[in-house]
1. With respect to residue 63, is the statement that it is under 28 Å from residue 10 (Cα atoms) and either touching a strand residue (DSSP E or B) at 6+ places or on another chain (Cβ under 9 Å) or surrounded by 14 or more Cβ atoms within 10 Å (Cβ to Cβ) (or both) true?
2. Restricting to the stretch 72-93, give me the number of residues that are within 20 Å of the chain's Cα centre (by Cα), in a loop (DSSP other than H, G, I, E, B) and surrounded by fewer than 18 Cβ atoms within 10 Å (Cβ to Cβ).
3. So residue 37 ticks every box in (1) assigned to a helix (DSSP H, G or I); (2) in contact with a helix residue (DSSP H, G or I) (Cβ under 8 Å, 6 or more places away or on another chain); (3) in contact (Cβ under 8 Å) with a residue 24 or more places away in the chain but one. Which box is left unticked?
4. Looking at (1) in a helix (DSSP H, G or I); (2) touching a helix residue (DSSP H, G or I) at 6+ places or on another chain (Cβ under 8 Å), which one does residue 151 not meet, given that it meets all the others?
5. Going residue by residue through the stretch 94-104, is there one that turns out to be in a loop (DSSP other than H, G, I, E, B) and farther than 22 Å from residue 69 by Cβ?
6. Is it true that some residue in the stretch 156-166 is loosely packed, with under 12 Cβ neighbours inside 10 Å and either touching a helix residue (DSSP H, G or I) at 6+ places or on another chain (Cβ under 9 Å) or assigned by TED's automatic domain parsing to the domain that holds residue 81 (or both)?
7. In the stretch 102-126, how many residues are more than 15 Å from residue 39 (Cα to Cα) and either surrounded by 18 or more Cβ atoms within 10 Å (Cβ to Cβ) or free of Cβ contacts under 8 Å to residues at least 24 places away in the same chain (or both)?
8. Would you call residue 174 under 30 Å from residue 111 (Cα atoms) and either part of a helix (DSSP H, G or I) or modelled with pLDDT under 90 (or both)?
């Protein structure tokens, strides 16, 4: 969970790139404003399951059988829901049906929510009390502090060029971190604009 621009989606994509595709199947949902029925259809499509029926209960039963088969083969199934704060409460409530799919010791499908802080208010709704109780791990991505912001800018510059050179003055870096409030996306925009302006004026820093 984190504010707009702190890098939630970037972290998810980095995780996806490093995942062992042979052992883990990941269902990535980037448009969370979706009904539970359409969510199930999306899951079926991502997993390559041919629907025997279009009834929700029958689909859940069919998915359960598929997940058990995958579990026996040692495979993990993960549902990643990006921008989860946009998911309708009805859909979230019905996600409990998926979280109930388990063996005696393990969940058959892991559900990961990536959301903005307002998602916490949604989870506090009375009808979502049981879903909130099922969330085992919660992490918050906070804005970068001054030191982290400086390291972030330095890292991005090194990735862009193999030459060691001073592009931003110390005072400029200080202002970038202050104005951006430590939000990586805002830092990127400010630095890009500074570089474009410097190029236009023929300045090297």
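1. Details: under 28 Å from residue 10 (Cα atoms): no; either touching a strand residue (DSSP E or B) at 6+ places or on another chain (Cβ under 9 Å) or surrounded by 14 or more Cβ atoms within 10 Å (Cβ to Cβ) (or both): yes.
No; evaluated as a whole, the condition is false for this residue.
2. So the answer is 1.
3. If we test residue 37 against (1) assigned to a helix (DSSP H, G or I); (2) in contact with a helix residue (DSSP H, G or I) (Cβ under 8 Å, 6 or more places away or on another chain); (3) in contact (Cβ under 8 Å) with a residue 24 or more places away in the chain, just (3) comes out false.
4. Tallying (1) in a helix (DSSP H, G or I); (2) touching a helix residue (DSSP H, G or I) at 6+ places or on another chain (Cβ under 8 Å), residue 151 fails exactly one: (2).
5. First, the residues of the stretch 94-104 that are in a loop (DSSP other than H, G, I, E, B): 100-101, 103-104.
Still in the running and farther than 22 Å from residue 69 by Cβ: none.
Scanning the stretch 94-104 turns up no residue that is in a loop (DSSP other than H, G, I, E, B) and farther than 22 Å from residue 69 by Cβ.
6. Taking every residue of the stretch 156-166 in turn, at least one turns out to be loosely packed, with under 12 Cβ neighbours inside 10 Å and either touching a helix residue (DSSP H, G or I) at 6+ places or on another chain (Cβ under 9 Å) or assigned by TED's automatic domain parsing to the domain that holds residue 81 (or both).
7. Number of matching residues: 13.
8. So residue 174 does not fit the description; no.
The values are calculated or read from the model by the stated rules, or taken from the named source; none is laboratory data. As the structure is a computational prediction, the values presented were derived from the model and not from experiment. So basically every Cβ, Gly included, is an ideal-geometry build from the backbone, and we count neighbours across all protein chains shown.
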